[in-house]
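Participant: Could you have a look at this structure, given as structure tokens, before my questions?
The numbers here are math on the coordinates, done by the rules we state, and not lab data. Please read these numbers as outputs of a predicted model, since none were measured by experiment. Note that each Cβ is placed from the backbone with ideal geometry, even for glycine, and that neighbours are counted across all protein chains shown.
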Amino acid sequence: MADERNLDQENRWYWEQLALRCVASLERNNIKAHYVPGREAACSKVLDMIPPGVSIGVGDSVTLLQVGIIPALEGRNCHQIFDPFRKDGESYFPPTLRQTAEIGKKAIAADVFLTGINAITLDGKLVNVDGFGNRVAGLVFGPKKVIAVAGVNKIVPDLDEALKRIKGFAAPINVKRHQLKHGLDRLPPCATSGICSDCTHPSRICCYTVIVEYQPRPRIEVVLIGEKLGI
């Protein structure tokens with residue numbers, strides 16, 4: 001007898017159909033996109049997309065950490081990797097603003113830039129909100145190749161829902177991550193309330209909003225993963 005309590009198959013089917021619609025929309029906007037079923041396939045796919053010996057810049061991304069791309073690249077022993085939030089093979093935070101700026105500049109001048117995505121609309125727009133600006137800078141300008149990874153939970157119906165998702169969910173969760181995982185204090189109000197107040201706090205992380213609607217030349221490739229990943 002079927003176990004009606006388990007909806008894993010149905011959920012996988014639903015997310016795959018949604019992801020494939022999203023991939024088709026991204027392709028119409030000249031953004032090459034790939035769908036893979038899970039994080040292991042995503043890691044393998046990204047490694048296949050990066051030739052040996054190239055330099056790599058990294059934007060802060062929980063999804064990249066969950067997929068395991070950075071350790072896999074470090075294991076090749078043939079890449080120079082510039083990551084403002086990683087040192088000697090370990091994640092570290094907070095770097096000083098000077099460190100972030102110095103490494104961030106090298107990251108957006110690398111051959112390949114790796115990043116996550118805050119939200120992807122069904123009509124193929126990439127939506128990101130950044131605190132330092134290094135992540136969105138590398139996305140839109142600099143490296144010859146950008147590889148963006150995202151779980152299916154980042155798919156939203158439209159631009160309004162993308163911004164609601166980012167400010168109403170992703171930003172407060174990300175700020176709380178910095179508090180719980182990295183011991184930061186003096187955080188914006190959403191670290192306490194869980195609600196965006198459109199603050200002017202000096203540690204605000206919603207500072208730079210970038211929407212990629214179309215790309216005139218094929219720099220950005222998206223790997224859309226059939227799991228709920230990242231924030």
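Participant: Specify the inter-centroid distance of region 115-173 and region 184-231, based on alpha-carbon positions, in whole Å.
Facilitator: That distance is 6 Å.
Participant: I'd like the FRET efficiency for Q215 and E10, computed as 1/(1 + (r/R0)^6) with the beta carbon distance as r and R0 of 30 Å, rounded to 0.05.
Facilitator: Once the sixth-power term is evaluated, E becomes 0.30.
Participant: When the distances between all Cα atoms of the chain are binned every 10 Å from zero, what whole-number percent does each bin get?
Facilitator: Pair shares across the bins are 8, 32, 37, 19, 3, 1, 0.
Participant: Gain in length, D198 to N29, computed as 0.36 nm per residue apart minus the alpha-carbon separation, to one decimal in nm? Kindly include the intermediate steps, with their values, before the conclusion.
Facilitator: Details: separation 169, 0.36 × 169 = 60.84 nm, distance 3.08 nm.
The span from D198 to N29 would gain 57.8 nm if fully extended.
Participant: Let me ask another. Using a simple charge model, +1 on the beta-carbon of Lys and Arg, -1 on the beta-carbon of Asp and Glu, nothing else, what dipole does the chain show about its Cα centre, in debye to the nearest 20?
Facilitator: Numbers: 29 positive and 25 negative charges, 126 e Å.
Charge dipole, the chain, about its Cα centre: 600 debye, nearest 20.
Participant: Next question, about the same structure. Go through 203-212, 131-140, 145-154 and give me the packing order, highest mean Cβ count within 10 Å leading. Could the numbers behind the result be given before it?
Facilitator: On the way: 203-212: 17.0, 131-140: 21.4, 145-154: 24.0.
Per-residue Cβ counts within 10 Å, averaged per peptide and sorted highest first, yield 145-154, 131-140, 203-212.
Participant: Across every pair of different alpha-carbon atoms, what Kirkwood hydrodynamic radius in Å does region 94-192 reach? The partial results should precede the final answer.
Facilitator: Numbers: mean 1/r = 0.0676 Å⁻¹.
Kirkwood radius, region 94-192: 14.8 Å.
Participant: Moving on to the next point. I need the semi-axes of the equivalent ellipsoid of region 149-231: take the C-alpha gyration tensor, multiply each eigenvalue by 5, square-root it, list largest first in whole angstrom.
Facilitator: Values: eigenvalues 136, 47, 33 Å².
They are 26, 15, 13 Å, listed from largest to smallest.
Participant: Please give the per residue volume of the convex hull enclosing the alpha carbon atoms of region 182-227, rounded to a whole number of Å³. Could the numbers behind the result be given before it?
Facilitator: On the way: hull volume 8.4 nm³, N = 46.
Hull volume over Cα atoms, normalised by residue count, gives 184 Å³.
Participant: If you don't mind, another one. Convert each backbone phi in region 127-132 into a coupling constant with the Karplus relation 6.51 cos²θ - 1.76 cosθ + 1.60 (shift: θ = phi - 60°), then list the ³J(HN,Hα) values in order as whole Hz, x for Gly and Pro.
Facilitator: 10, 9, 10, 10, x, 7
Participant: What order, most packed first, do the peptides 53-63, 178-188 have when packing is the mean number of other Cβ atoms within 10 Å of each residue?
Facilitator: Details: 53-63: 21.2, 178-188: 12.7.
Sorting 53-63, 178-188 by mean packing, highest first, produces 53-63, 178-188.
Participant: OK, next. With unit charges on the beta carbon (Lys/Arg positive, Asp/Glu negative), name the residue among V146, V54, L97 whose Cα is farthest towards the positive pole of the charge dipole of the chain.
Facilitator: L97
Participant: Can you work out ³J(HN,Hα) from phi for every residue in region 105-115, in order, using Karplus 6.51 cos²θ - 1.76 cosθ + 1.60 and θ = phi - 60°, giving whole Hz and x for Gly and Pro?
Facilitator: So the Karplus estimates, Gly and Pro as x, are 5, 5, 5, 7, 9, 6, 5, 10, 10, 10, 7 Hz.
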